[in-house]
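**Q** Please read through the structure below; I'll follow up with questions.
We did not get these values from a lab; they are worked out from the coordinates using the rules stated. Remember, predicted model here, so these are calculated numbers, not experimental data. Neighbour counts run over all protein chains shown; Cβ positions are idealised from the backbone, glycine included.
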Amino acid sequence: MADTDLQNQLDRMRQDWDERARENARHYVATGHELWDDDAFFRSGETTVAEQILTDVTNICQGKSPQDMRVIEIGCGAGRITRALARLFGEVHAVDVSGEMVQAARRAVAQFPRATVYQNNGHDLTVLPDKLYDFAFSTIVFQHIPSRQIIYSYVREVHRLLRPGALFKFQVQGGTIDAGSEDTWIGVSFSDEEAVEMAEACGFEPRYRHGSGDQYFWLWFFKK
């Protein structure tokens, strides 16, 4: 993909998500409700962390105390998951392409001084402090990215920042329908074989996978 095409896609992603955030940020982050009150919205984030992290501590923490861990969240939106992560881990560094979403996420974690939210450029993590991280997480995010190149870029960036052996747990679109590069809601899909190819190309061991063929295709990529 040419640099101008990539930049056009990134600009469109940022603009579309800013527009969605202005319209109804919480709905576009979690479409289960049109209107979310604070308690229900943040409780749904706690539920995600309970289901996807607290049940998987052996892979995620690898013997470390969560309070001693520095973690990355990609696509934090309005801070639904970020706030729950901040209750569990010692440091949380979260990014989102949308400045509007970033403002909402910063409000969500205002009482958590070790959680920091950054607006990034939509395809890399150069905005984060150049340190080693113990875990990276992303949920219901890559399903909206319209470019395989952008997703690969994120995976390579996570590899750059994770300590050896650490886990990147995330979802991609596993369904078979792609809306095309103009759509920033339905992203590109990955088959099981394509997910393995991506892991190996980016320096990860694809140890586990769950949900191939489904919208919520979970991947466990361990840094070699």
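**Q** List the relative contact order of the chain as a percent without decimals, with contacts defined as Cα pairs under 8 Å and 6+ residues apart.
**A** 16 percent
**Q** Separation of the range 122-155 and the range 28-77 by C-alpha centroid, Å?
**A** Answer, in whole Å: 16.
**Q** Additional query: Any idea which of N24, V49, Q62 is furthest toward the positive side of the dipole for the chain, if Lys and Arg beta-carbons carry +1 and Asp and Glu beta-carbons -1?
**A** It is Q62, whose Cα lies furthest towards the positive end.
**Q** Follow-up. Need one number: nm distance between label points at D38 and Y152, each 7 Å from Cα along Cα→Cβ, rounded to one decimal.
**A** In this crude spin-label approximation the distance works out to 4.5 nm.
**Q** Can you give me the long-range amide H partners of A115? Hydrogens built in the peptide plane at 1.01 Å from N, cutoff under 5 Å, separation of 5 or more residues or another chain.
**A** Sorted by chain and number, the residues that satisfy this are V92.
**Q** So what's the back-of-envelope 222 nm ellipticity for the chain, counting only DSSP H runs of four-plus at -39500 (n - 2.57) apiece and dividing by all residues, rounded to 500?
**A** -12500 deg cm²/dmol
**Q** Which ordering of F142, F168 is given by a fewest-first count of other beta-carbon atoms within 10 Å?
**A** Lowest to highest Cβ neighbour count: F142, F168.
**Q** So who's got an amide H within less than 5 Å of the one on S189, skipping anything under 5 residues away but keeping other chains? H placed 1.01 Å off N, in plane.
**A** Those lying under 5 Å, H to H, from S189: there are none.
**Q** From the phi angles alone, apply the Karplus equation (6.51, -1.76, 1.60; θ = phi - 60°) to the range 70-78 and give each ³J(HN,Hα) in whole Hz, x where the residue is Gly or Pro.
**A** Once θ is set to phi - 60°, the couplings for the range 70-78 become 10, 10, 10, 10, 9, x, 6, x, 8 Hz.
**Q** Then there is this: Please compute the modelled spin-label separation between E23 and R107, points set 7 Å along Cα→Cβ, answer in nm with one decimal.
**A** Placing both labels 7 Å along Cα→Cβ, they lie 1.9 nm apart.
**Q** Another question, if that's okay. Decide, for the range 1-132, between rounded, prolate and oblate: order the square roots of the alpha carbon gyration tensor eigenvalues as a ≥ b ≥ c, take rounded if a/c falls under 1.5, and otherwise choose prolate if a/b is larger than b/c, else oblate.
**A** Oblate is the answer for the range 1-132, as a/c is 1.5 or above yet b/c matches or exceeds a/b.
**Q** I'd like the antiparallel share, as a percent to the nearest 5, of DSSP beta bridges with both residues in the chain.
**A** Looking only at bridges with both residues in the chain, the antiparallel portion is about 40 percent.
**Q** Taking neighbour counts of Cβ atoms within 10 Å as a proxy for exposure, in what order, fewest first, do R87, R14, R209 appear?
**A** R87, R209, R14
**Q** Still on this model: Which FRET efficiency, nearest 0.05, do D130 and L10 yield, Cβ-Cβ r, R0 22 Å?
**A** With R0 = 22 Å, the Cβ-Cβ based efficiency is 0.50.
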